[in-house]
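Asker: I have a structure I would like to understand better, so I am pasting it below and will then ask my questions one at a time.
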Amino acid sequence: MQFHFIYFIFLTFLFSNCQNKEKNTFYTTLKDGQEIGVCLIELDTKKEEKKHKYNFVIQTFLKNDLKEKNKILDEWKLPYPVYNFEIADADNDGQDDIWVGVIKETRFDATVRKRLFLFKIIEGKIRPLWLGSRMSKPLIDFSSAYLIDSLDEKENNNKKCIIKTIEQEQDGKFLVANYQWRKFGIEFINYEIREVDSLTARSWLEK
């Protein structure tokens, strides 16, 4: 696990040498049918007043013709390290949400550690959904996954998005857990596997 983390940090700093280099870009369709892009970039801090060591920004933008410049709809600054970024429908309302892994302390936990932040996309605007304090165990990584709610393949809404995590056990080994969105926060579902090494946990996360 330590090797993978160091390798990820290396790639982060490698890509950060390029001004406004896109870390990840995803496309999603809003409820009104409009297609937008969501990206994570690191700004060039040499040309700005550098108040923080890191200067990541989430942007939403209209997906235009390649000959036209994409119109930025909204931005959300993240003045801390980012270790993961994706979009998926976390609260199962039919609209993709932004999932960001950050490394920081929170109001309720003064230890600097990995967190999961969730943001809504409302008419192209970025709004906080859940700025998580912590999971049941120290978080290592996360991914979206889908459970089948119904065996009827003819149903359109038979898939439910869940949050899948790798967390570290007290003895240093790892577990893979599942969570789901419940009204105002995430709720634990179950453990898929426990007391395994980092590579095994990673393989379960990516299933």
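The values are calculated or read from the model by the stated rules, or taken from the named source; none is laboratory data. Keep in mind that this is a model prediction, so the values were computed, not measured. Cβ coordinates were reconstructed from backbone atoms using ideal geometry, including for glycine residues, and neighbour counts include every protein chain displayed.
Asker: Would you check if residue 167 is farther than 14 Å from residue 139 by Cα and either of a type in the set (A, V, I, L, M) or at pLDDT 95 or above (or both)?
Answerer: Details: farther than 14 Å from residue 139 by Cα: no; either of a type in the set (A, V, I, L, M) or at pLDDT 95 or above (or both): yes.
The answer is no for residue 167.
Each row is one residue, and each column tells you yes or no for (1) modelled with pLDDT under 90; (2) under 28 Å from residue 34 (Cβ atoms).
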{"residue": "104", "(1), (2)": "no, no"}
{"residue": "121", "(1), (2)": "no, yes"}
{"residue": "128", "(1), (2)": "no, yes"}
{"residue": "153", "(1), (2)": "yes, no"}
{"residue": "173", "(1), (2)": "no, no"}
{"residue": "182", "(1), (2)": "no, no"}
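Asker: If residue 198 satisfies all but one of (1) in contact (Cβ under 8 Å) with a residue 60 or more places away in the chain; (2) under 28 Å from residue 32 (Cα atoms); (3) among the polar types (S, T, N, Q), what's the number of the condition it fails?
Answerer: (2)
Asker: Go through (1) modelled with pLDDT of 90 or more; (2) closer than 30 Å to residue 178 by Cβ and name the single condition residue 24 misses.
Answerer: So the condition that residue 24 fails would be (1).
Asker: A further question on this structure: Residues being in contact with a Ser or Thr (Cβ under 8 Å, 6 or more places away or on another chain) and among the hydroxyl-bearing types (Ser, Thr, Tyr): count how many of those fall in the stretch 166-207.
Answerer: Result for the stretch 166-207: 1.
Asker: Okay, next question. Among the residues of the stretch 128-144, are any among the acidic types (Asp, Glu), surrounded by 13 or more Cβ atoms within 10 Å (Cβ to Cβ) and within 20 Å of residue 93 (Cα to Cα)? If you could, list the steps in order and put the result at the bottom.
Answerer: First pass over the stretch 128-144, keeping only residues among the acidic types (Asp, Glu): 141.
Remaining after also requiring surrounded by 13 or more Cβ atoms within 10 Å (Cβ to Cβ): 141.
Restricting the remaining residues to those that are within 20 Å of residue 93 (Cα to Cα) gives none.
No, every residue in the stretch 128-144 fails to be among the acidic types (Asp, Glu), surrounded by 13 or more Cβ atoms within 10 Å (Cβ to Cβ) and within 20 Å of residue 93 (Cα to Cα).
Asker: Looking at residue 60, is it closer than 24 Å to residue 162 by Cα, polar (S, T, N, Q) and either modelled with pLDDT under 80 or in a strand (DSSP E or B) (or both)? Spell out how you get there, then give the answer.
Answerer: Values: closer than 24 Å to residue 162 by Cα: yes; polar (S, T, N, Q): yes; either modelled with pLDDT under 80 or in a strand (DSSP E or B) (or both): yes.
It is true that residue 60 is closer than 24 Å to residue 162 by Cα, polar (S, T, N, Q) and either modelled with pLDDT under 80 or in a strand (DSSP E or B) (or both).
Asker: Across the stretch 169-199, what is the total count of residues that are among the polar types (S, T, N, Q) and either surrounded by 14 or more Cβ atoms within 10 Å (Cβ to Cβ) or not assigned by TED's automatic domain parsing to the domain that holds residue 146 (or both)? Walk me through it before giving the result.
Answerer: Taking the stretch 169-199 first, the residues among the polar types (S, T, N, Q) are 170, 178, 180, 190, 198.
This time we only want the ones that are either surrounded by 14 or more Cβ atoms within 10 Å (Cβ to Cβ) or not assigned by TED's automatic domain parsing to the domain that holds residue 146 (or both), so: 178, 180, 198.
Count: 3.
Asker: Go through 109, 89, 97 for me and flag whichever is surrounded by fewer than 18 Cβ atoms within 10 Å (Cβ to Cβ), touching an Asp or Glu at 6+ places or on another chain (Cβ under 8 Å) and not assigned by TED's automatic domain parsing to the domain that holds residue 172. Lay out the reasoning, then the answer.
Answerer: On the way: 109 fails: touching an Asp or Glu at 6+ places or on another chain (Cβ under 8 Å); 97 fails: surrounded by fewer than 18 Cβ atoms within 10 Å (Cβ to Cβ).
Residue meeting the stated conditions: 89.
Asker: Would you check if there is a residue in the stretch 152-162 being out of contact with any Lys or Arg (no Cβ under 7 Å at 6 or more places or on another chain), farther than 25 Å from residue 198 by Cα and surrounded by 16 or more Cβ atoms within 10 Å (Cβ to Cβ)? I'd like the intermediate steps shown before the answer.
Answerer: Going through the stretch 152-162, the residues out of contact with any Lys or Arg (no Cβ under 7 Å at 6 or more places or on another chain) turn out to be 152-162.
Then drop every residue that is not farther than 25 Å from residue 198 by Cα, which leaves 152-160.
Next, from what is left, pick out any that are surrounded by 16 or more Cβ atoms within 10 Å (Cβ to Cβ): none.
Checked against the condition, which is being out of contact with any Lys or Arg (no Cβ under 7 Å at 6 or more places or on another chain), farther than 25 Å from residue 198 by Cα and surrounded by 16 or more Cβ atoms within 10 Å (Cβ to Cβ), the stretch 152-162 yields no hits at all.
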